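Peer 1: Mind having a look at this structure? Questions to follow.
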Amino acid sequence: MDFQETLKMLKEDPRYQSAKLVAVQLPEGLKRRAEEIAHTLSDKELVFIGDPFWGACDIPPEGKWDLLVQFGHSPIPNLGSFGKVAFLELQEEVKNEIDYNAVGLSSLTLTSNITYSKELPRIKKYLEDHGIKVTLKRGDLRVLYPGQILGCNISAARGDDEGVLFIGEGMFHPLGIALALDRKVIAYNPRTDEYVDMEREKRKFLAQRYSAVDRATSARIFGIIVSSKIGQTRYSLARAAKRLLDRNGKRSFIIVADLIRDEVLVNFPADVYVNTACPRVTIEDYASFSRPLITYYELEMALGVRDKSRYILDEIVKTDEIGSTSFWRGNESSGNNRLH
Ligand code: SF4
């Protein structure tokens with residue numbers, strides 16, 4: 001949908017109409033449109049939230065505003081409803097037809113980020129009309145649309161097809177799928193009309209991850225990071241990490257922070273950080289930290305309690321619970337899959 005049309009739709013929302021003070025949260029790529037938004041919404045007192053924002057998991061504690069407008073993300077169903085938050089998804093069209101020869105899969109699970117989620121039923125039909133078996137499935141309750149992938153949740157990509165086709169920009173989401181599943185993953189970027197087989201990216205990333213695991217094996221002191229953002233908090237996972245470290249004779253402490261950046265952590269005396277906040281931070285921001293950042297599952301590998309041969313992606317299903325579906329499956333038999 002056109003950006004101005006989206007703003008028009010917002011102006012028709014009764015919550016907007018009755019609001020006096022409206023707060024706006026913009027992804028980094030949209031901040032340059034702040035003046036245009038301010039001009040279009042000039043009938044309201046407006047404040048832009050300056051802090052970086054990557055997902056609907058980040059809903060600031062209630063401020064003095066009457067309505068918070070989030071651009072570019074869909075709600076996360078299992079976080080509950082937020083009456084004072086308007087989610088403007090900014091969905092876009094895929095202009096070119098998918099080149100199924102370039103994809104090279106006879107059966108595939110179709111996925112995308114939020115930007116192209118509404119295009120997936122149409123793309124599914126097109127591919128099926130050309131003889132390809134296509135699965136478009138609803139993920140778990142952390143995602144809203146069938147086929148939708150988050151950087152912290154790839155449940156909609158799981159299945160038995162030959163491979164996965166991801167529609168969207170950037171490598172972050174398809175890399176997560178490739179890491180979690182032992183299947184071919186093709187990323188199609190509708191803006192550049194390019195197809196990328198994620199195998200090479202995956203190998204590069206895994207080399208970095210196993211090097212972080214090796215450094216963690218010899219580390220003495222661990223800082224365990226917990227996010228204070230409502231949709232990222234996994235305190236129980238942090239406590240599980242602490243117990244694991246205690247049992248293995250390692251020293252550790254828990255750090256709660258809103259924005260996970262090196263300058264926030266640098267003065268804590270940790271050799272390695274265990275990140276239980278947004279998994280994107282471990283994947284995309286890794287190089288910006290002065291000490292290694294690892295996930296809970298990587299910590300298990302470093303301490304020798306998990307086999308290194310199969311990499312487990314850090315995913316969030318529900319907040320403040322052990323996130324990965326793999327973890328839950330692995331513990332079902334013991335009847336002890338919830339940590340307190
Ligand atoms: S936790 Fe990270 S990956 Fe998940 S929705 Fe939030 S910003 Fe996106």
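The values are calculated or read from the model by the stated rules, or taken from the named source; none is laboratory data. Just so you know, these numbers come straight off a predicted model, no measurement behind them. No Cβ is skipped: glycine too gets one built from the backbone with ideal geometry, and neighbour counts run over all protein chains shown.
Peer 1: If I ask for residues that are closer than 18 Å to Leu303 by Cα and in contact (Cβ under 8 Å) with a residue 24 or more places away in the chain, which ones from the stretch 226-244 would you list?
Peer 2: Leu237, Ala238, Arg239, Ala240, Ala241, Leu244
Peer 1: For the stretch 216-226, does any single residue satisfy the condition of being within 19 Å of the chain's Cα centre (by Cα) and under 30 Å from Pro75 (Cα atoms)?
Peer 2: First pass over the stretch 216-226, keeping only residues within 19 Å of the chain's Cα centre (by Cα): 225-226.
Narrowing the set further to residues that are under 30 Å from Pro75 (Cα atoms) leaves 225-226.
Taking every residue of the stretch 216-226 in turn, at least one turns out to be within 19 Å of the chain's Cα centre (by Cα) and under 30 Å from Pro75 (Cα atoms).
Peer 1: Further question: Pick out the one residue from Leu181, Leu144 that is touching a Pro at 6+ places or on another chain (Cβ under 7 Å) and surrounded by fewer than 20 Cβ atoms within 10 Å (Cβ to Cβ).
Peer 2: Exactly one of Leu181, Leu144 is touching a Pro at 6+ places or on another chain (Cβ under 7 Å) and surrounded by fewer than 20 Cβ atoms within 10 Å (Cβ to Cβ), namely Leu144.
Peer 1: Looking at the stretch 229-284, which of the residues that are touching a Lys or Arg at 6+ places or on another chain (Cβ under 7 Å) and not hydrophobic (A, V, I, L, M, F, W, C) is modelled with the lowest pLDDT?
Peer 2: The qualifying residue modelled with the lowest pLDDT is Asp258.
Peer 1: Only one of Leu21, Leu46, Leu110 is away from the ligand (no atom under 15 Å from the Cβ) and touching a Gly at 6+ places or on another chain (Cβ under 7 Å). Can you tell me which?
Peer 2: Checking each option against the conditions leaves just Leu110.
Peer 1: On to the next question. Of all the residues that make up the stretch 118-143, how many are out of contact with any Cys (no Cβ under 8 Å at 6 or more places or on another chain) and within 14 Å of the ligand (Cβ to nearest atom)?
Peer 2: 4
Peer 1: Could you please find all residues in the stretch 62-92 being without any contact (Cβ under 8 Å) to a residue 24 or more places away in the chain and not acidic (Asp, Glu)?
Peer 2: Passing the criteria: Gly80, Ser81, Phe82.
Peer 1: Step by step: first the residues of the stretch 222-243, then only those that are part of a helix (DSSP H, G or I) and buried (at least 20 other Cβ atoms within 10 Å of the Cβ), then the one that is nearest to the ligand (Cβ to nearest atom). Which residue is that?
Peer 2: My answer is Leu237.
Peer 1: Let me ask you something else. May I ask you to list pairs of residues, at least six apart or on different chains, whose Cβ atoms are under 6 Å apart, with the first in the stretch 144-165 being more than 11 Å from the ligand (Cβ to nearest atom) and the second being part of a helix (DSSP H, G or I) and charged (D, E, K, R)?
Peer 2: From the stretch 144-165, no pairs qualify.
Peer 1: So is Ile186 crowded, with 18+ Cβ neighbours inside 10 Å and in contact with a Ser or Thr (Cβ under 9 Å, 6 or more places away or on another chain) or not? Give the derivation first.
Peer 2: Details: crowded, with 18+ Cβ neighbours inside 10 Å: yes; in contact with a Ser or Thr (Cβ under 9 Å, 6 or more places away or on another chain): no.
Taking the combined requirement at face value, the residue does not satisfy it.
Peer 1: What do you reckon, is Leu165 touching a strand residue (DSSP E or B) at 6+ places or on another chain (Cβ under 8 Å), crowded, with 19+ Cβ neighbours inside 10 Å and outside the structural domain of Gly72 (by TED's automatic domain parsing)?
Peer 2: Yes: the conditions hold for Leu165.
Peer 1: Go through Ala187, Ala207 for me and flag whichever is farther than 30 Å from Ser252 by Cα and among the small types (Gly, Ala, Ser).
Peer 2: It is Ala187.
Peer 1: Looking at Asp193, is it within 22 Å of Pro279 (Cβ to Cβ) and not hydrophobic (A, V, I, L, M, F, W, C)?
Peer 2: When the stated conditions are applied, Asp193 does not pass them.
Peer 1: Further question on the same structure: Testing Ala219 on (1) at pLDDT 95 or above; (2) small (Gly, Ala, Ser); (3) surrounded by 16 or more Cβ atoms within 10 Å (Cβ to Cβ); (4) not in a loop (DSSP other than H, G, I, E, B), one condition comes back false. Which one is that?
Peer 2: Just one mismatch for Ala219, condition (4).
Peer 1: May I pose another question? Can you pull out every residue in the stretch 285-315 that is at pLDDT 95 or above and of a type in the set (Val, Ile, Thr)?
Peer 2: Passing the criteria: Ile294, Thr295, Val305.
Peer 1: A follow-up question, please. Give the stretch 244-264 a look and list any residue that's crowded, with 16+ Cβ neighbours inside 10 Å, touching a Ser or Thr at 6+ places or on another chain (Cβ under 8 Å) and not in a loop (DSSP other than H, G, I, E, B), or say none.
Peer 2: Leu245
Peer 1: Would you confirm, using the coordinates I've provided, whether Lys125 is surrounded by fewer than 20 Cβ atoms within 10 Å (Cβ to Cβ), without any contact (Cβ under 8 Å) to a residue 24 or more places away in the chain and of a type outside the set (Asp, Glu)?
Peer 2: yes
Peer 1: Another question about this same structure. Look at the stretch 245-301 and say how many of its residues are acidic (Asp, Glu), within 16 Å of the ligand (Cβ to nearest atom) and touching a residue at least 40 places away in the same chain (Cβ under 8 Å).
Peer 2: The total comes to 2.
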